[in-house]
Each structure stands twice: as C-alpha cells, then as structure tokens.
Amino acid sequence: MNIKEKLKKLPLSPGVYIMKDKFGNIIYIGKAKKLKNRVSQYFINKNHAEKVKTMVSQVADFDYILTNSELDALVLECNLIKKHQPFYNILLKDGKSYPYIKLDLFEDFPKLEVVRQIKKDKAKYFGPYFGINPAEIVKAVNYAYPIRTCDRKIKDNHKMKKACLNYSLGLCSAPCMCKITKEEYSKFIPHVCDFLYGKDDSVYNIICKKMEQAVEIENFELAIKLRDLKFMLLKLRERSVTALPTTSNIDVFGMAKNDNFYVFSVLIIRQGKMLGAKCYSFDNSQIDSEQMLISFLTQFYQVNTIFPDKILLPITVDVDDALFKSISVKLGKKLEVNIPSKGINKQLIDQANNNASEFLNKNCELEEKKKKKKIEILNNLKDILNLKNIPFRIECYDISNISGTSSVCSMVVFLSGSKASKHYRKFKIKEVVGPNDYESLKESITRRFEKLNSDDISFSMVPDLIMIDGGKGQINTCRGLIKSYNKDIDVISLAERQEEIFVEENPLSIKLSKDSDELKLLQKVRDEAHRFAITFHRKLRKKNQVLSILDEIDGLGKVKKENLLEKFKSVKRMKKASVEDLIQVSGITPKLALEIMKKLEELDK
C-alpha cells in the first residue's frame with residue numbers, strides 16, 4: 001500500500017504516527033488529536049519550511065498507533081522519542097534532570113542528600129538548583145545544624161565501630177554512634193526545612209558567627225571556607241524576585257529563533273527565589289513556533305518531574321494540549337498557564353527572551369559553522385571514496401583479545417560526524433576459538449544484523465557506512481555477509497600502519513593527506529572503536545580473573561559469586577567493601593567475607 005492509499009485510511013482518532021525512510025529507519029515521531037488531519041498535512045500542504053520539506057522527501061512509509069486519548073498519545077510519543085531518538089525530532093541534548101536536595105522526614109534521623117531522580121517516596125525535595133551547587137548548600141546547613149549526609153543504616157541501640165570524618169569536623173551529630181537522641185535530632189529539622197524553603201536566615205547568621213569565631217582563634221583555613229559559604233548564601237538571597245510573593249513557584253520560558261535554530265530558555269523560580277536559568281538549542285526543523293514550544297516542554301517535563309504552580313510562556317499555545325492536562329493531573333490541581341502582556345510576569349518573560357536571544361547570537365552561530373563543516377566532510381568522503389550514500393551513520397567494528405582469550409568486538413556509531421555513544425554496542429565472542437579476527441568479526445556482524453527488526457535503538461537502524469579496523473581481507477569478510485541480508489551498504493577499512501583506506505571493488509588503497517579533515521574523521525572513528533574494544537576486553541579479563549580467584553575459595557559456589565557481582569557491579573567496588581557490606585549478600589557469612597577480602601587483595605600483588 002503506498003502513502004496516498006494509507007492516508008485515505010487513516011482514522012480521525014488520537015494516536016502517534018511514526019515516519020520511516022527507505023531503509024525502515026524511524027526519522028520522525030509525532031502525536032495527534034486527529035491522526036488523519038495531522039499526518040495528511042505533511043503530504044498535502046506545500047508551504048512547509050525547507051527542513052520539513054527535506055524530512056517529508058525522505059519519508060518512504062509511516063506507521064501509526066491508536067490511543068484512547070490525546071493524553072495517552074503524549075505519553076507514548078515521549079517514550080518512543082526517548083527510545084528511538086529520531087533524527088528530525090527535537091531532542092534535549094542534556095537529558096538530565098536538575099539536582100534537588102532530598103530530606104526524608106519518615107526516617108528516624110533524616111539525612112540530606114543531593115539527587116537528580118525524584119521518587120514517589122513522600123520525602124521532601126527542595127529545588128531544582130542550577131547555577132548554585134546544591135552540595136555547597138548542604139555543606140552550609142551542616143555547619144549550622146549537624147544533620148547527617150552519610151548512607152549508614154542506623155538501627156536502634158546499635159553503634160557503629162567508628163564515627164565518620166564529618167563528626168570529627170563538627171559537621172554531624174553522629175546518631176550512628178548514639179551521640180544524639182531522636183528527640184534532640186528532630187529539633188534541627190524545622191530550621192533546616194525553613195531555610196531550604198527560603199523562610200529562615202538562621203543558617204546565614206550561624207555561618208557568619210562561626211566565621212568570626214574562626215578568625216578570633218586564627219583558624220584561617222576554616223574562616224576562608226565559611227567566608228565562601230557566606231558569599232554563596234548571599235548570592236542565593238539576592239535571587240529573590242522582590243515583586244513576587246515568597247510562595248511563588250513559577251517556570252518562565254523564553255524563545256528566540258533564526259533560520260537555523262530555535263533557542264528556549266527557562267527561569268526556575270521557587271518560593272519567590274530565582275534558582276537559575278538555562279538555555280537549550282535545537283535545529284529549526286518543525287512546522288511552527290507553537291509546535292516547537294510544545295515539543296520542547298514535553299521533553300523538559302519528562303525529565304523534570306517536580307512541577308510549578310504556574311508556567312509563563314512567550315507565545316500563545318493551545319492551553320488544552322495534553323501536556324498541560326497531564327501536568328494538572330500530577331499536580332492534583334489545574335496548572336496555571338499564562339502568556340503575560342504586562343507587569344512582573346511580562347518582565348520575567350522579557351528576561352527569559354533576552355537570555356534566549358543572547359545564547360542564539362553567541363553560541364548557535366558557532367554551532368552552525370561546526371555542523372556545516374561536518375556535513376561538508378561527509379559529502380567529501382562520499383565523493384573521495386565513491387560511496388553510494390552520504391555516510392550520516394557510520395558503524396565501526398574492532399576486535400580485541402590476548403592470544404584468543406577474552407575476545408570481544410566493539411561497535412561504535414557516529415551520527416552526522418559526531419559520536420553517538422548511546423548507540424554503541426559490544427559483543428563477547430562466543431563461537432570462535434583462538435585468535436581469529438576474521439571469524440570473530442563475522443560472528444559480531446552476523447549477531448548485529450540478526451537484530452535489524454528488534455526494538456534496540458542501534459541495531460534497528462541501517463548504517464550508511466560500515467568501517468573496519470584492518471585491510472582488504474576484513475572488507476571481503478563483511479561484504480558477502482551484509483549482502484546475504486539484502487542490504488546494499490558501503491564497507492571500508494582503515495589500516496593503522498600506513499593509514500591506508502581500502503574500499504570495495506578497488507584493488508588499490510587510497511591515501512589521504514595527514515592534514516585532511518576526512519582522514520581525521522575516519523581516524524577518530526577507528527580510534528574510538530579501538531578504545532571501546534580495549535576497555536571492554538580489560539573489564540572482561542578482570543572479571544574472569546576475579547571469578548577464577550574466587551573459585552579457589554571453599555564454600556563459594558556459582559550462585560554466591562553471581563550474587564556478589566550483582567550486588568557490587570565491579571571489582572573495584574567489591575575490593576572497597578567491608579565485611580559488613582559483604583555479609584549483606586545472600587549466603588555470605590563473616591568467615592567467607594574475610595576470605596573474599598583476602599583473595600581480592602592478591603589481585604594488587
């Protein structure tokens with residue numbers, strides 16, 4: 001069925017549509033209240049922006065998934081974009097949520113910790129913070145109130161053998177050593193909460209007093225630390241927006257654009273204080289500003305899950321969009337969405353817009369030059385090596401082993417000339433015995449192409465170019481194998497000694513100038529594959545070494561070894577573990593724990 005016929009059969013229902021290119025790669029994902037109207041727009045409307053026209057020209061097919069509501073479509077769209085990372089969707093380059101300070105009031109001795117992941121655990125979360133390090137805020141609180149920050153599990157009437165360093169520095173009250181009762185400890189908590197909410201200056205006042213005392217006794221090192229914390233607290237205090245009530249929790253969004261980029265800026269205001277500002281840039285590839293803004297907000301609130309009471313926006317949007325409905329549901333009340341035209345709210349929007357404009361002028365121009373340079377290099381590679389396609393997606397494979405033992409293969413991916421580490425994959429060689437790089441390569445590429453129809457973000461995408469670290473023999477090994485999967489993909493190899501490039505159907509090698517940008521890109525890809533393979537090989541060899549040395553311990557069977565590795569994840573962590581840590585693993589007795597520690601020490605000898 002061709003695209004025109006599929007368009008006729010689209011339903012007027014909410015859902016998600018998935019655009020694919022001729023290789024079956026997903027290049028764009030979107031949601032719609034009415035699938036038929038939204039998807040048809042792409043192919044009927046001729047007034048699209050140039051980049052949208054380019055995207056549509058590459059669409060060879062599309063799929064769609066019906067949902068019960070637009071809200072369900074929003075959730076599904078978010079998950080699919082995050083999973084497949086389509087080229088034409090706007091994607092947050094920094095997908096991390098902002099840091100928060102967590103205080104769990106349900107613990108007997110609540111501790112302060114800096115976290116990025118918000119859990120549904122009924123703990124209090126303060127923030128988000130950016131521009132100011134929340135760890136410094138925690139340190140300031142510790143100098144004022146000796147609240148613990150450690151991960152020790154405190155049990156009733158159970159003393160640890162030794163207090164932590166913070167206790168000796170006067171920054172912790174050592175509940176783990178029963179130095180303070182629950183009742184005495186709980187008296188600090190209201191003051192800490194009030195300070196973190198911005199309602200109390202007691203921390204600042206105590207810091208100032210302790211700084212003066214440190215100067216009097218000539219403890220200048222401590223005085224300098226306290227002075228720095230004082231200035232940090234002053235900086236935090238100065239962020240108060242005087243025209244706003246201290247209960248204001250607002251996210252303010254600004255926007256700027258040119259022919260190549262959109263920039264969105266966000267100001268975070270909590271309890272009337274501006275906790276920071278940040279800008280995000282995206283390729284200008286969407287239909288209109290409203291859709292771009294909604295797409296950005298959708299991804300922004302996917303990773304930042306503590307919501308404000310109010311959102312200020314720079315342009316008019318559909319306030320009935322599923323995104324705002326979903327936030328209202330999570331808030332437990334209707335989210336206030338404003339497009340202000342006057343007053344303090346308009347001033348905040350102007351400030352956010354100015355931030356976005358400055359970022360656009362200073363940063364995006366340089367980024368666009370770098371991007372154009374990379375595309376130029378890829379186009380040159382196509383011509384120089386006589387490739388069938390521009391190598392937007394390059395996959396490079398490298399084998400690493402020592403005399404055939406712990407043999408592994410790396411697969412690294414470069415998209416549009418840049419590393420795409422989320423697409424990297426690694427293979428343990430299972431079927432090849434001994435040091436046979438050709439057969440190891442064949443096994444790895446076979447396993448990679450057998451997963452073409454999987455949900456894996458990397459395996460499901462077809463590369464434009466496959467690159468091997470080696471010579472002509474490696475190309476011949478790969479070529480027939482790839483053709484057996486009915487894929488017409490260019491294959492090249494780069495021999496390290498003379499930096500010779502070998503291509504298909506050319507008996508002679510190609511040598512580029514050492515100063516050539518094209519050669520430098522290929523070297524960067526090859527070296528990254530080598531680094532990734534070596535790192536994995538060493539890790540596997542170390543793991544095998546640990547397993548073999550643990551085999552020498554009586555009473556430590558396969559299940560217990562697996563439990564140890566599951567618990568500690570790495571040899572480094574296992575070696576740092578105490579007896580108390582080891583006996584928490586199922587089946588590990590104190591006697592066995594001591595024997596494990598003794599054996600692991602032998603690895604360093």
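With all protein chains present and a 1.4 Å probe, how do S69, S513, S400 order by accessible area, largest first? Before the final figure, lay out the partial values.
Values: S69 40, S513 70, S400 10 Å².
Putting S69, S513, S400 in descending order of accessible area: S513, S69, S400.
Whole Å is fine, so just give me how far the alpha carbon centre of segment 30-92 lies from that of segment 423-484.
Between the Cα centre of segment 30-92 and that of segment 423-484, the gap is 32 Å.
Considering only protein heavy atoms, what is the solvent-accessible area of L12 at a probe of 1.4 Å, reported in Å² to the nearest 10?
Ignoring ligands and nucleic acids, L12 comes out at about 110 Å².
How high is the relative contact order of the chain? Use alpha-carbon pairs under 8 Å, at least six apart in sequence, and give a whole percent.
8
Between E499 and K567, how high is the FRET efficiency from 1/(1 + (r/R0)^6) when r is the Cβ-Cβ distance and R₀ = 45 Å? Nearest 0.05.
0.50
Against the globular-protein guess of 2.2 N^0.38 Å, express the Cα radius of gyration of the chain as a ratio, rounded to two decimals.
Compactness ratio reported: 1.16.
How big is the equivalent ellipsoid of segment 22-136 along its three axes, where each semi-axis is √(5λ) from the Cα gyration tensor, reported in whole Å from largest to smallest? Spell out each step's value before the answer.
On the way: eigenvalues 345, 59, 27 Å².
For segment 22-136, the ellipsoid semi-axes come out as 42, 17, 12 Å.
Where the Cα atoms of segment 404-468 are projected onto their three principal axes, how long is each span, largest first, in whole Å?
If we take the Cα atoms of segment 404-468, the spans are 36, 24, 18 Å.
How many nm separate the modelled label positions at N354 and N2, each set 7 Å beyond the Cα in the direction of the Cβ?
In this crude label model, N354 to N2 measures out at 5.6 nm.
Counting only residues 5 or more places away or on other chains, whose amide H sits under 5 Å from the amide H of M274 once H atoms are built in the peptide plane?
S240, V241
Stokes-Einstein at 10 °C, 1.306 mPa s, Kirkwood radius from Cα pairs: D for segment 351-396 in µm² s⁻¹?
After rounding, the answer is 125 µm²/s.
Kindly give the semi-axes, whole Å and largest first, of the ellipsoid equivalent to segment 162-211, taking each as the square root of 5 times a Cα gyration tensor eigenvalue.
The three semi-axes for segment 162-211 are 23, 15, 8 Å.
Please give the contour-minus-distance gain from K153 to E221: 0.36 nm per residue of separation, less the Cα-Cα distance, rounded to one decimal in nm.
Using 0.36 nm per residue and subtracting the Cα-Cα distance, I get 21.3 nm.
Run the numbers on segment 25-94 and let me know its relative contact order in percent, using alpha-carbon pairs under 8 Å that are six or more apart.
For segment 25-94, the relative contact order is 58 percent.
In the neighborhood of N436, defined by Cβ-to-Cβ distances under 12 Å, what is the net charge if each Lys or Arg adds +1 and each Asp or Glu adds -1? Can you show the working numbers first?
Details: positive: K442; negative: E431, D437, E439, E443.
Within the 12 Å Cβ shell, the charges total -3.
Rounded to the nearest 500, what is the chain's calculated 222 nm mean residue ellipticity when only DSSP H runs of at least 4 contribute -39500 (n - 2.57) each, over all residues? The partial results should precede the final answer.
Values: 21 runs with 254 residues, N = 605.
About -13000 deg cm²/dmol.
Pop a pseudo-label 7 angstrom from the Cα along the beta-carbon direction at both E580 and N363 and give the gap in nm to one decimal.
4.4
How much length is gained if the chain between K524 and V433 is pulled fully straight, taking 0.36 nm per residue apart and subtracting their Cα-Cα distance, in nm to one decimal?
Gain on stretching K524 to V433: 29.7 nm.
What translational D, rounded to a whole number of µm²/s, comes out for segment 171-288 from Stokes-Einstein when the hydrodynamic radius is the Kirkwood one over Cα pairs, at 4 °C and 1.567 mPa s? Mind showing how you got there, number by number?
Working: Rh = 18.0 Å.
Roughly 72 µm²/s, to the nearest whole number.
Using 0.36 nm times the number of residues separating K199 and D288, minus their current alpha carbon distance, what extension gain do you get?
Using 0.36 nm per residue and subtracting the Cα-Cα distance, I get 27.8 nm.
How many angstrom separate the Cα center of segment 376-404 from the Cα center of segment 198-230?
A separation of 58 Å, based on Cα centres.
Tell me, what HN-Hα J-couplings in whole Hz come from the Karplus equation 6.51 cos²θ - 1.76 cosθ + 1.60 at θ = phi - 60° for each residue of segment 180-188, using x for Gly and Pro?
Using θ = phi - 60°, the values come out as 8, 8, 4, 5, 5, 5, 5, 5, 6 Hz.
The values are calculated or read from the model by the stated rules, or taken from the named source; none is laboratory data. None of these values were measured; they are calculated from a predicted model. We place every Cβ from the backbone using ideal geometry, glycine too, and count neighbours over all the protein chains shown. Note: areas computed on protein heavy atoms with side chains; ligands, DNA, RNA excluded. Shrake-Rupley method; radii C 1.70, N 1.55, O 1.52, S 1.80 Å.
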